[in-house]
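S.K.: Starting off with a structure, shown below.
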Amino acid sequence: MAEINTITAEELAKLHKEQGVEVVDVRTPAEYREIHATIARNVPLDIICAEHIDELTHGNADAQVYIICQSGNRSSRACQKLIDAGCKNVISVDGGTKAWEALGLPVERGKKTISLERQVRIAAGFLAFAGAMLGMFVNPWFSGISAFVGAGLMFAGITDTCGMAMMLAKMPWNQVAGCEQKQCQKAA
């Protein structure tokens, strides 16, 4: 696993003012629509690939691309994904959009949405509660739902990969009508 280069939101703003830079926001389209740095364009984590970076840099392998998300977690994962695909100059923005906004840097605001992290907590809580109630009042085997959710949360914490978040990111309410994202073709 390669070391991921990072930059603070303040350093990125200064760099953008001095020379202009490419910034990619890897959150879901709905999260991006709610609030994003004005200099960022949206390419969600689940579809970002080396072709997107190549397109942004016009094939210039030396050009740097800055990856931002809500707080820095997904941007780090996106950078690792891109580094594994051969991109060399991708940099994660520490603190993400939250840090950008906290500094009073320019953001665009749109329709409110529930963040992906909150959606995961809501769904996991609902499933654990439903499993427990069904296990107590219907059939003890339903307790397996709660156990499955607990195991999934442990796995997500250990691996820093959340299957529930990946599924929720693809749900219609996390998409924006009329927003077409270029999908990367997988090599056969």
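S.K.: Of everything in segment 109-156 that's open to solvent by less than 60 Å² (accessible area, probe 1.4 Å) and touching a residue at least 40 places away in the same chain (Cβ under 8 Å), which residue is nearest to the chain's Cα centre (by Cα)?
M.R.: 116
S.K.: Right, here's the next one. Consider residue 87 against the criteria (1) closer than 21 Å to residue 161 by Cβ; (2) within 14 Å of the chain's Cα centre (by Cα); (3) outside any helix (DSSP H, G or I); (4) without any contact (Cβ under 8 Å) to a residue 40 or more places away in the chain: it satisfies all of them except one. Which criterion is unmet?
M.R.: Result: residue 87 passes all but (2).
S.K.: So which residues in segment 1-22 are among the aliphatic types (A, V, I, L, M) and in contact with a strand residue (DSSP E or B) (Cβ under 9 Å, 6 or more places away or on another chain), if there are any at all?
M.R.: Within segment 1-22, 4, 7, 9, 12, 13, 15, 21 meet the criteria.
S.K.: Could you check segment 1-25 and list, in sequence order, the residues that are open to solvent by 50 Å² or more (accessible area, probe 1.4 Å) and more than 20 Å from the chain's Cα centre (by Cα)?
M.R.: Across segment 1-25, the qualifying residues are 10, 11, 14, 16, 17, 18, 19.
S.K.: In addition: So the check is Cβ under 8 Å with 6+ separation or different chains; which pairs have a first residue in segment 51-73 that's in contact (Cβ under 8 Å) with a residue 12 or more places away in the chain and a second one that's of a type in the set (Asp, Glu) and in a loop (DSSP other than H, G, I, E, B)?
M.R.: Matching pairs, first to second residue: 73/160.
S.K.: From the residues in segment 83-108 that are modelled with pLDDT of 95 or more and under 21 Å from residue 47 (Cα atoms), which one is surrounded by the fewest Cβ atoms within 10 Å (Cβ to Cβ)?
M.R.: Step one: filter segment 83-108 for residues modelled with pLDDT of 95 or more, giving 90-108.
So of that shortlist, the ones also under 21 Å from residue 47 (Cα atoms) come out as 90-93, 96-97.
Details: 90: 24, 91: 21, 92: 24, 93: 28, 96: 24, 97: 26.
Step by step, filter segment 83-108, then rank; the result is 91.
The values are calculated or read from the model by the stated rules, or taken from the named source; none is laboratory data. No experiment lies behind these values; they were computed from the predicted model shown. Don't worry about glycine lacking a Cβ; one is built from the backbone with ideal geometry, like all the others, and counts go over all protein chains shown. Accessible surface is based on the protein model in full, side chains and every heavy atom, while ligands, DNA and RNA are left aside. Shrake-Rupley method; radii C 1.70, N 1.55, O 1.52, S 1.80 Å.
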